[in-house]
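Student: This is the structure I want to talk about, given as structure tokens.
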Amino acid sequence: MTAPCQTVCMEAFLAREAVEVLAGIDLAVADPTELAAGSAAMTRLQSFVDLAKVRINRRTRALAEQGDRSSEHVLLDEGRLSGRDAKANDERDRVCEELPGFEDALAGGDCTAGHLDALARHTKGLSDEERADLAEVVGDLLDSAESDPVGLFDRKARNIVDKVRNMHRPDSDVDELDRQREQSRVKRWTDRATGMKHTHLELDPLRDASLW
């Protein structure tokens, strides 16, 4: 197993390489090859930063559990994160702890925070048994995260998680439809500048299909 200091040094080395690549390209006049290299370097650097946020979050939580809350809001204050960003970072931390392969993938620049966000949405509320079953097929999720853009990964992850959930909750589709029906709503307002009427509908799939 790679020693923690060696891992951190390698991550920092890759981040420095990415900075050097970006610093060496004048993006205002870059050719297609340079733009591709700059985009790859940007992704590598962004992964390094997103991983740092996850690890800072984890360390501040550990310190708080030990009674030291002095760093509890460091990501909000010094890190300048919004409350929404901080909440998303909490969820990324959860995914990395439950599926450590994704932390390794983020460290290597093989996935992005967007992939973690998609997985966080689909795994929220899983039982311990469902999480254990999901860990058995994490390889499929990692393969998709490393090769697919976030949108495609989102769909594949949802399908994989749904299969795991349905093994434990055969009536989950019915429960989900009931939840969606309860959340259906209509909003109506008038634009003060134009006087135009606006109607916004949020409908469950059955009501939506009936309307159309």
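The values are calculated or read from the model by the stated rules, or taken from the named source; none is laboratory data. All of these numbers come straight from a predicted model, not from anything done at the bench. Here the Cβ positions follow ideal geometry from the backbone for every residue, glycine too, while neighbour counts run over all protein chains shown. Areas reflect the complete protein model, heavy atoms only, side chains present, ligands, DNA and RNA absent. Shrake-Rupley method; radii C 1.70, N 1.55, O 1.52, S 1.80 Å.
Student: Roughly how many nanometres apart are two label points built 7 Å out from the Cα toward the Cβ at residue 184 and residue 65?
Tutor: The modelled label-to-label distance comes out at 4.4 nm.
Student: HN-Hα J couplings of region 146-163 from phi, Karplus 6.51/-1.76/1.60, θ = phi - 60°, integer Hz, Gly and Pro as x?
Tutor: 7, 10, 10, x, 4, x, 5, 4, 4, 5, 5, 4, 4, 5, 5, 5, 4, 5
Student: A follow-up question, please. Can you give the three extents of the C-alpha atoms in region 96-145 along their principal axes, from longest to shortest, in whole Å?
Tutor: 30, 19, 18
Student: A follow-up question, please. Quick one: angle between helix 113-123 and the longest Cα principal axis of the chain, in degrees between 0 and 90, rounded to 10, please.
Tutor: 40 degrees
Student: With r as the distance between the Cβ atoms of residue 35 and residue 147 and R0 = 25 Å, compute the FRET efficiency 1/(1 + (r/R0)^6) and round to 0.05.
Tutor: It comes out at approximately 0.75.
Student: Next question. Charges on Cβ only, +1 for Lys and Arg, -1 for Asp and Glu, centred on the Cα centroid of the chain; of 47, 186, 115, which one is farthest towards the dipole's positive end?
Tutor: 186
Student: Shifting gears a bit: Would you mind checking which residues have amide H under 5 Å from residue 111's amide H? H placed 1.01 Å from N; only 5 or more apart, or other chain.
Tutor: 106
Student: Stretched out fully, how many nm does the piece from residue 121 to residue 87 gain, at 0.36 nm a residue minus the Cα gap?
Tutor: 11.0 nm
Student: Working out 0.36 nm times the residue gap between residue 137 and residue 77, then minus their Cα-Cα distance, what length gain in nm do you get to one decimal?
Tutor: Contour length minus the Cα-Cα distance gives 17.8 nm.
Student: Something else now. Residues of region 45-129: accessible area per residue at 1.4 Å, in Å²?
Tutor: 54 Å²
Student: If you don't mind, another one. Putting +1 on Lys and Arg Cβ atoms and -1 on Asp and Glu Cβ atoms, find which of 66, 150, 82 reaches farthest to the positive end of the dipole of region 44-150.
Tutor: Farthest along the dipole direction, towards plus: 82.
Student: Moving on to the next point. Taking all protein chains in place and a 1.4 Å probe, what share, in percent, of the accessible surface of region 55-212 do carbon and sulfur account for?
Tutor: 49 percent
Student: Over all alpha-carbon pairs in the chain, figure out the percentage whose distance exceeds 28 Å.
Tutor: Summing the P(r) tail past 28 Å for the chain gives 47 percent.
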